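The values are calculated or read from the model by the stated rules, or taken from the named source; none is laboratory data. Please read all numbers here as calculations on a predicted model, not as lab measurements. Note that each Cβ is placed from the backbone with ideal geometry, even for glycine, and that neighbours are counted across all protein chains shown. These area figures cover heavy atoms from the full protein model, side chains too; ligands, DNA and RNA do not enter into them. Shrake-Rupley method; radii C 1.70, N 1.55, O 1.52, S 1.80 Å.
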Amino acid sequence: MRVALAGGGTAGHIEPALSLADALRRIDPDTEILCLGTERGLETRLVPMRGYELSLIPAVPLPRRLTPQLLSVPGKLAGALSAAGEQLDKLQADVLVGFGGYVATPGYLAARRRKLPIVVHEANPLPGLANRLGARLTPHVFTGHPHTQIRNGRFIGIPLRGQITSLDRLAMGDKARTYFGLRQDLPTLLIFGGSQGAQRVNEAAFAARNAFRNAGVQVLHVVGPKNADEPQDLTQDGVPYVAVPYVDRMDMAYAAADMAMCRSGAMTCAELTAVGLPGAFVPLAIGNGEQTMNAEPIVKAGGGVMVDNAELSPEWIARQLIPLLTDTDRIVSMSEAASRMGRRDADMELAREVMAIARGDKPTPDMPLPDDDGYEDYYDDGKDAR
């Protein structure tokens, strides 16, 4: 079987695609996989690192709203569509699976012109433009959030790395704490932002160091590579506070922790619930409230708490978070609640769906292809392609 994956730009698009690729290979090691991407995304680094072939096509950024820039989209898209089509023909693809981002739109349209089955996966509660277009071209649409509103959508969860889905956090706890230089006998808070860190989270955490020490709460703080070059041991009075630029083994970081304080991107929420780690979520205050929407079901189920970015402070940490961390019964209850929200098998479930669709077990009905000059019909509600 030959599968083309179209998802690029951010890790939120790329990591689920690569997790699907891993699952497809677990089912059938002979599966041929080609990743489509653009030179401006993280896929240029992440895809080769995971051992998959990457073909680059021109990026076609879509305007956030109706502007004169929109008039240039059809021409640019035609070139990207042609390049995507060449790669699909070269692979002799049996199916195209799109995850959003700049590369997905030409991928969807090129596949539809070739009458290839199309599968769409949308990780976010608010779908991006590319995936909303893709959902018009296929009935095979899967979502990573239970309340995503997208045509033909069916909740399946977000495909995650096997390193995460296979993690036994409790069994690995002692080893993980030793790995990071932490004590075995203290409650542990993991703090991290996005791939580059989160300024507000970092500042509040550092300002609360005395409160952590006084309460006997140890901290593993991933500050982001732009904020530090080397790990720092800020331990005081025997209570560890370990600050590191980045962590290659997030599975070990999750295993070391009793709770995380972090942003609430779709991937972060999916990983925390998959491993049963409660979260103190600090949604990034941009866009249309997507990060708040990601965390809300977890908080409602009892698997986390949430604080607005503007309200996060050392005082909130001292009065709200630390008492929670030091309440063992509450932490255990929250861990169980988070775990009930998790989906560890989304990668394999999606892989089985993709294979069935590619084989024709779930045929795609004939659906109209948009006219070359009609792309703007799909870009009319003022949201960017993610």
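What about Ala318, is it part of a helix (DSSP H, G or I), open to solvent by 10 Å² or more (accessible area, probe 1.4 Å) and at pLDDT below 95? No; evaluated as a whole, the condition is false for this residue. Tell me, which residue of region 150-171 that is within 30 Å of Ala255 (Cβ to Cβ) and touching a strand residue (DSSP E or B) at 6+ places or on another chain (Cβ under 6 Å) is surrounded by the most Cβ atoms within 10 Å (Cβ to Cβ)? By that ranking, first place goes to Ile156. Residues being open to solvent by less than 70 Å² (accessible area, probe 1.4 Å) and modelled with pLDDT of 95 or more are represented in region 358-378 by at least one member. Scanning region 223-263 for residues that are within 21 Å of Ser339 (Cβ to Cβ) and hydroxyl-bearing (Ser, Thr, Tyr) yields one hit, Tyr254. From the list Ala280, Ala274, the lone residue that is in contact (Cβ under 8 Å) with a residue 24 or more places away in the chain and either under 22 Å from Glu203 (Cβ atoms) or in contact with a strand residue (DSSP E or B) (Cβ under 7 Å, 6 or more places away or on another chain) (or both) is Ala280.
Just checking, how many residues over region 95-149 are among the β-branched types (Val, Ile, Thr) and open to solvent by 10 Å² or more (accessible area, probe 1.4 Å)?
Residues flagged as among the β-branched types (Val, Ile, Thr) and open to solvent by 10 Å² or more (accessible area, probe 1.4 Å) within region 95-149 amount to 1.
Summed over region 5-46, the residues that are within 18 Å of the chain's Cα centre (by Cα), in a helix (DSSP H, G or I), among the β-branched types (Val, Ile, Thr) and surrounded by fewer than 24 Cβ atoms within 10 Å (Cβ to Cβ) give a count of 1.
Among the aromatic types (Phe, Trp, Tyr), without any contact (Cβ under 8 Å) to a residue 40 or more places away in the chain and either outside any loop (DSSP other than H, G, I, E, B) or under 23 Å from His145 (Cβ atoms) (or both), is that true of Phe212?
no
For region 311-364, the set of residues classified as closer than 25 Å to His145 by Cβ, in contact with a strand residue (DSSP E or B) (Cβ under 8 Å, 6 or more places away or on another chain) and among the polar types (S, T, N, Q) consists of Thr364 only. Of all residue pairs spaced 6 or more apart or on separate chains, those with beta-carbon atoms under 6 Å, a first member in region 329-356 that is in contact (Cβ under 8 Å) with a residue 40 or more places away in the chain and over 8 Å from Gly276 (Cα atoms) and a second member that is buried (at least 16 other Cβ atoms within 10 Å of the Cβ) and polar (S, T, N, Q) are Met341/Thr273; Arg344/Thr165; Asp347/Ser19. Of all residues in region 170-188, those that are closer than 18 Å to Ser335 by Cβ and of a type outside the set (Asp, Glu) have Cβ atoms under 9 Å from Cβ atoms of residues that are open to solvent by 80 Å² or more (accessible area, probe 1.4 Å) and modelled with pLDDT under 95, 6 or more apart or on another chain, in Ala176/Arg249. Of the candidates Asp229, Asp258, the single residue that is modelled with pLDDT under 95 and under 23 Å from Gln199 (Cα atoms) is Asp229.
Across region 294-315, the qualifying residues are those that are in a helix (DSSP H, G or I) and open to solvent by 60 Å² or more (accessible area, probe 1.4 Å), and the one among them that is farthest from Pro125 (Cα to Cα) is Glu315.
In region 276-293, how many residues are crowded, with 24+ Cβ neighbours inside 10 Å and either at pLDDT 95 or above or under 23 Å from Asp168 (Cα atoms) (or both)? The qualifying residues number 6.
Number of residues in region 117-153 that are among the basic types (Lys, Arg) and touching a residue at least 40 places away in the same chain (Cβ under 8 Å) equals 2.
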